[in-house]
Structures are given as C-alpha cells and as structure tokens.
Amino acid sequence: MIPPQAYLAELKEQNIFVYSLDMQRGKIDWRALFRLVKILKKVHPDILHCHMVHANLLGRIARIFVSIPVVVSSAHNVYEGGRERNWWYRLTDFLCDMTTQVSKDGVRRYVACKMVNPKKIAFLPNGIDIQKFNENLKIRQQKREELKIGQYFVWLAVGRFDEAKDYGNMISAFSVLHRDSPNNILLIAGDGDLRFSIGELVSKKNLTGAVKFLGVQQDISGLMNTADAYVMSSAWEGMPMVLLEAAASCLPVVATDVGGNKEIVQEGRTGFLVPSKQPGKLAEAMLKISQLPDRARREMGQAGRKYVEENYSLEEITTKWEELYSKLSNIK
C-alpha cells in the first residue's frame, strides 16, 4: 500500500513482481482504490488475498469494480480498531469469501462482535521456515563480537516502534531489571514513529549504555543467535511471527499475555507470560529467566523450538493455505 522498503532484492531474485499503491502512512487516499483496480485488471488473479484491516477493506471494495473469483481477508490482530472499523468489516463481509485470523482469540472476538459470518472465518496461524532459525554458536560468537556485548546477558526485542508494541512498558521494566542485575543489556531492532520518544525515555532512565537501538535489520536469525532470551511488551497482538522465530531459535521468551501470545508461549515451560502494561511484572519475569541456570534456560529454549516445529512449521501452514485456496476455488 505504501512504497516498499524491505525484501525488494529477495523478491526480484524470485521473479516476484511488486506493485505499490503509493499511499502515505496515516492518510486516506481513495485514488489508491482505482490504482488497485487497474492492477487487478492487468494481473487477473484467481485469488486476491489481503492482509490487515486497510488492505482487507480496500480489496473487498475493489471487488465492486472488477471481477475477482475469490477474495480472502487475513486479520493479524485480535483488535484492528474501534467500532468504525468493526462496522466496515460487517458492512463489507458479503464481498469476501473467507476471513482468516492468526489467533484463536481473534476468531472468537470477530464472531462475538458480528464482524464476520461465523461460517466464513477460519483460524490459520502464521508459519515459519524452521530451518532458517536455529542455534548456531559460530554466528553467536561473531555477532556478539560485532556488537561488542561480551559476556552480558542479552535480551532481544524486534518490531516497529508504535503504540501496539508498547516499548515504554519494556524500557520501564528493563530499568527495574538493570537496577537489580546490571549484567543485563537490551537490543532493539526496528524503527517507527515512536523511536525518538523511546530514545528519550532510555536517556531519562540512564540506560543509554544498556539499551542498544539497532535500526531495521535483515538478518533476524543472526540476531536471535546473539541473544540469551527474547522479550515482548505489546499492549495488543495477533499471532506475532517474531515470537515463533524466537522460539525456533531456542530462546526462552517473556511476553505480555495479549492476543495469540499464549498460543505460542507455554507458561513455565517455554517462557513466561505477564499482564500487559505492568512493567513490574515484566521485570520480575525477565529477572527470573536471567537467573536460571544455563542448563534450565537451554531446556526451556529447546522446548519452545519443539513446540514450534510441531505446530507452526512453514510446510504445515502452507499445506493448510493450499487446502483453503483449493476449497474456495472449487466452490466458485
């Protein structure tokens, strides 16, 4: 929808064409609808698969102007907005053949709020390439040397700086943790509108040397190997890919109990879940992880990888998508 920035080279190598509607973040531009219609008339897709609220609504409305055999909407959050967005989902549901949700909580909420026909929604979680994420001691040593983090206990967080991720909560929690255990440091990969304000908070809490902002990173699997544990402080979520990636990398996880997080993090077995917006509870769980004996922490990480292998492998999820596409196409 907006000019693309990431993965362009990788997509080009795979001969995958990328079109942009050239929209600006935070601004409504109805001309984008007609740009989309023009693209659809050129491409003639068998299936139009849209992801997240703005694209879902845009793709549905486009169907009024161009013939599309199958339209699928995928929601990646339990909450995608307030009453107005709920109303738009309800109003345009007839233009969509299937809505999918990445979390079971999301399915329940969408049905309860009457945003979808209960017969036209399915739970279909994210999947990851298990082979891409794994422990690699050689990469771990290289990355830690590059980042000059020595023998510190390293926490990693990956994600855009926006309200949903609630990095303010994370920094407040880490401030408590660092006061009690100065050997902990925090790496944050990502960028976004709130990056500057979070940087100011880090300075205010005298954490400048203990919190490192890495910006947008392409080698997330390498970063996972750098860390000792993963932390997520979100105020709301869907089914975060990055938690699957962290678990596949054998990292124990501390995350807020929102959205589909509890479907990934098994309490006490692969990590800990804490209430959102409670930095004290988040700090307490982080301290608990950092003080575990190495063997116990490794066992926790390995249990997380096994769980992801059994439930969220790319092969298994891809098969489910193919089955859904086939079913919808055959109905048409």
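The values are calculated or read from the model by the stated rules, or taken from the named source; none is laboratory data. Just so it is clear, the model here is predicted, and its values are computed rather than measured. Every residue, glycine as well, gets a Cβ built from its backbone with ideal geometry; the counts of neighbours run over all protein chains shown.
See the values below:
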{"quantity": "Residue match in region 204-216 (condition: within 18 Å of the chain's Cα centre (by Cα), part of a strand (DSSP E or B) and within 22 Å of residue 289 (Cα to Cα))", "calculated": "no"}
{"quantity": "Spans of helices (runs of 4 or more DSSP H) in region 219-332 with at least 1 residues within 16 Å of residue 103 (Cβ to Cβ)", "calculated": "241-248, 294-311, 314-331"}
{"quantity": "Residues being out of contact with any Leu (no Cβ under 7 Å at 6 or more places or on another chain), part of a loop (DSSP other than H, G, I, E, B) and closer than 21 Å to residue 325 by Cβ - total across region 69-101", "calculated": "3"}
{"quantity": "Hits in region 109-133 - residues which are under 27 Å from residue 305 (Cα atoms), without any contact (Cβ under 8 Å) to a residue 24 or more places away in the chain and surrounded by 14 or more Cβ atoms within 10 Å (Cβ to Cβ)", "calculated": "123"}
{"quantity": "Which listed residue is polar (S, T, N, Q) and either in contact with a strand residue (DSSP E or B) (Cβ under 9 Å, 6 or more places away or on another chain) or modelled with pLDDT of 95 or more (or both), from 221, 203", "calculated": "203"}
{"quantity": "Per-region count, region 112-142, residues among the hydrophobic types (A, V, I, L, M, F, W, C), modelled with pLDDT of 95 or more and assigned to a helix (DSSP H, G or I)", "calculated": "0"}
{"quantity": "Evaluation of residue 149 against (1) in contact (Cβ under 8 Å) with a residue 40 or more places away in the chain; (2) of a type in the set (A, V, I, L, M, F, W, C); (3) surrounded by fewer than 19 Cβ atoms within 10 Å (Cβ to Cβ); (4) in contact with a helix residue (DSSP H, G or I) (Cβ under 7 Å, 6 or more places away or on another chain) (one fails), failing number", "calculated": "(4)"}
{"quantity": "Cβ pairs under 6 Å, 6+ apart, first in region 35-55 and aromatic (Phe, Trp, Tyr), second surrounded by fewer than 16 Cβ atoms within 10 Å (Cβ to Cβ)", "calculated": "none"}
{"quantity": "Matching residues in region 143-175 - criterion: being closer than 27 Å to residue 260 by Cβ and assigned to a helix (DSSP H, G or I)", "calculated": "163, 164, 165, 167, 168, 169, 170, 171, 172, 173, 174"}
{"quantity": "Positions within region 1-56 being more than 30 Å from residue 330 (Cβ to Cβ), in a helix (DSSP H, G or I) and not aliphatic (A, V, I, L, M), in sequence order", "calculated": "10, 12, 13, 31, 34, 35"}
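Table: residues versus (1) buried (at least 16 other Cβ atoms within 10 Å of the Cβ); (2) over 21 Å from residue 136 (Cβ atoms); (3) not assigned by TED's automatic domain parsing to the domain that holds residue 123.
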| site | (1), (2), (3) |
| --- | --- |
| 276 | yes, yes, yes |
| 279 | yes, yes, yes |
| 285 | yes, yes, yes |
| 293 | no, yes, yes |
| 298 | no, no, yes |
| 326 | no, yes, no |
